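Visitor: This is the structure I have questions about; it appears just below.
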Amino acid sequence: MIIEGGRERVRLMVSTVAHGRIYSRLIGVFVVLLAMCCGAAPVAAQGRVVTAAPAGEAGLQLDAATLSPVLPRSVGIVSGGELYTVQPGDTLLGVAARFDVDPASLAARNHLTDLDQITVGQSLRIDAPLAPAPVLPADGPLARIQFWPWPPVQGQTLVVWLQARAPVTTTLRLADHAYPAVVEGRHGWALIPIAPLAAPEPTPLTLTVGATSMVVAVPVQAGIFERNAIPASVSDPILSQANQVNAEAARLAALFAVDRPSGWTPRSRFSSPLAGDYPRTSPFGSRRTYGSGTAVSTHSGEDFSAPAGTPVLAPAAGLVVLAESLFVRGNAVLIDHGHGVFTGYWHLSALNVKVGDRVAPGQVLGQVGSTGLSTGAHLHWEMRVNGAAVDPMQWLAP
Ligand SMILES: [Zn+2]
């Protein structure tokens, strides 16, 4: 049981509404090209948007390969956020049609589970209608951008693949965090962690490629998370020791900040850290309160209930960067898979590796236990991407 504190909220910019057709496969996507098309005549965007399946996965692909030579008009950042007050006679479907938005997205945006649920006087948040098909300029620096998964859900890792026309420097920024791109020649990728408490709303992702920048509104979707209250009798003896708790967190944060080149790519997958089908007793992202406190944090890993002594296996190749007893996490192993991707194994009863070991997939790292802040034998499996805790289950091989 490990907490991941902090709340990330993203304030969005003013809404500039660009009316366009609804692309049913592109719910909630608004893409604006900035600084790529100065001087171009205002024209209807013509382009191609297809969903592609990298390695069998659904995603979003923006492809300039077959574009018309005319460029889209630059309109500034588009995002959601207008409030509409429900009037007598309104229906959700009617409101959706009036604002040219998808009814299901409108319901989800306003946390409505029943399409007949709206009442007169209620405020509905309306995202900007879907923009015309996003396009990449045919003579711009990028030939293709691909996102997976799309749209991303709170707690997932968003993968961005880039294909450029010539080698370029690339940076990515989601809200106010910058993320590195791994670039080889004309191809690159980046891993962007979506915090489990990230606001479920369009969030601007800025790609800077060479001398140009582009903003894509990433429609972060709300996940479904359970809520747990951890009794004070369990948490207080450990969490009251603030100095040790904070020192441990700082030590791990320093390890997570290392970006070591390796063979990890977005097509890498994990095998299960446990051989066998053990119940998942506390999923990643569960909302937690401790004792009588009201502060909500999230569970930073996936808990599996398994008997003490069950072997814990490396899910992928990597370098052991921590293998010791910690105050909160108990006996712990941390593996660096490279490029800012780490997995952690907490509360173990025994350790079978040491710092500096290079482990192979399936190698025994240690054994399930109940050391540290734990109420019974279980494996806490944690994944970190560029410093942030994300759902490891996204990366399990099917
Ligand atoms: Zn846990």
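Visitor: I'd like to verify a number: residues in segment 85-118 that are buried (at least 18 other Cβ atoms within 10 Å of the Cβ) and of a type in the set (Gly, Ala, Ser), how many?
Guide: Of the residues in segment 85-118, 3 are buried (at least 18 other Cβ atoms within 10 Å of the Cβ) and of a type in the set (Gly, Ala, Ser).
Visitor: So how many residues does segment 356-381 have that are within 16 Å of the ligand (Cβ to nearest atom), under 14 Å from Asn331 (Cβ atoms) and of a type in the set (Val, Ile, Thr)?
Guide: Of the residues in segment 356-381, 2 are within 16 Å of the ligand (Cβ to nearest atom), under 14 Å from Asn331 (Cβ atoms) and of a type in the set (Val, Ile, Thr).
Visitor: Could I ask something else about it? Identify all residues within segment 75-104 that are at pLDDT below 70 and not charged (D, E, K, R); write none if there are none.
Guide: Answer for segment 75-104, where residues must be at pLDDT below 70 and not charged (D, E, K, R): Val75, Gly76, Ile77, Val78, Ser79, Gly80, Gly81.
Visitor: Being in the same structural domain as Gly369 (by TED's automatic domain parsing) and closer than 29 Å to Pro398 by Cα narrows it down to one residue among Ala242, Ala247, Ala295, Ala306; which is it?
Guide: Ala306
Visitor: Next up: Only one of these is assigned by TED's automatic domain parsing to the domain that holds Gly338, over 14 Å from Ala323 (Cα atoms), in contact (Cβ under 8 Å) with a residue 12 or more places away in the chain and not hydroxyl-bearing (Ser, Thr, Tyr): Gly369, Gly356. Name it.
Guide: After applying the criteria, what remains is Gly369.
Visitor: Out of the residues in segment 290-314 that are part of a loop (DSSP other than H, G, I, E, B) and over 15 Å from Ala232 (Cβ atoms), state the one that is modelled with the lowest pLDDT.
Guide: This residue is Val296.
Visitor: Within segment 315-333, track down each residue that is away from the ligand (no atom under 14 Å from the Cβ), within 18 Å of Val245 (Cβ to Cβ) and either aliphatic (A, V, I, L, M) or touching a residue at least 60 places away in the same chain (Cβ under 8 Å) (or both).
Guide: Within segment 315-333, Leu322, Phe327 qualify.
Visitor: Give the residue that is surrounded by the most Cβ atoms within 10 Å (Cβ to Cβ), with candidates limited to residues of segment 293-314 that are more than 16 Å from Ala389 (Cβ to Cβ) and within 16 Å of the ligand (Cβ to nearest atom).
Guide: Among those that are more than 16 Å from Ala389 (Cβ to Cβ) and within 16 Å of the ligand (Cβ to nearest atom), it is Val312.
Visitor: Determine whether segment 346-355 contains at least one residue that is within 16 Å of the ligand (Cβ to nearest atom) and surrounded by fewer than 22 Cβ atoms within 10 Å (Cβ to Cβ).
Guide: Yes, there is a match, as at least one residue in segment 346-355 is within 16 Å of the ligand (Cβ to nearest atom) and surrounded by fewer than 22 Cβ atoms within 10 Å (Cβ to Cβ).
Visitor: Scan segment 183-198 and give yes if some residue there is assigned to a loop (DSSP other than H, G, I, E, B), outside the structural domain of Pro103 (by TED's automatic domain parsing), at pLDDT 85 or above and more than 12 Å from the chain's Cα centre (by Cα), otherwise no.
Guide: yes
Visitor: While we're looking at this one, here's another question. Looking at segment 382-392, can you tell me whether even one residue there is more than 29 Å from the chain's Cα centre (by Cα) and within 16 Å of the ligand (Cβ to nearest atom)?
Guide: No: segment 382-392 contains no residue that is more than 29 Å from the chain's Cα centre (by Cα) and within 16 Å of the ligand (Cβ to nearest atom).
Visitor: Looking only at segment 164-203, which residues are surrounded by fewer than 19 Cβ atoms within 10 Å (Cβ to Cβ) and among the polar types (S, T, N, Q)?
Guide: Thr169, Thr171
Visitor: Which residues, taken from segment 176-227, are in contact with a helix residue (DSSP H, G or I) (Cβ under 8 Å, 6 or more places away or on another chain) and either within 20 Å of Trp395 (Cβ to Cβ) or free of Cβ contacts under 8 Å to residues at least 40 places away in the same chain (or both)?
Guide: Answer for segment 176-227, where residues must be in contact with a helix residue (DSSP H, G or I) (Cβ under 8 Å, 6 or more places away or on another chain) and either within 20 Å of Trp395 (Cβ to Cβ) or free of Cβ contacts under 8 Å to residues at least 40 places away in the same chain (or both): just Gln221.
Visitor: The conditions are (1) touching a helix residue (DSSP H, G or I) at 6+ places or on another chain (Cβ under 6 Å); (2) under 15 Å from Arg280 (Cα atoms); (3) small (Gly, Ala, Ser), and Gly387 fails exactly one of them. Which is it?
Guide: The single condition Gly387 does not satisfy is (2).
The values are calculated or read from the model by the stated rules, or taken from the named source; none is laboratory data. Computed from a predicted structure; not experimentally measured. Note that we place each Cβ from the backbone using ideal geometry, even for glycine, and neighbour counts take in every protein chain shown.
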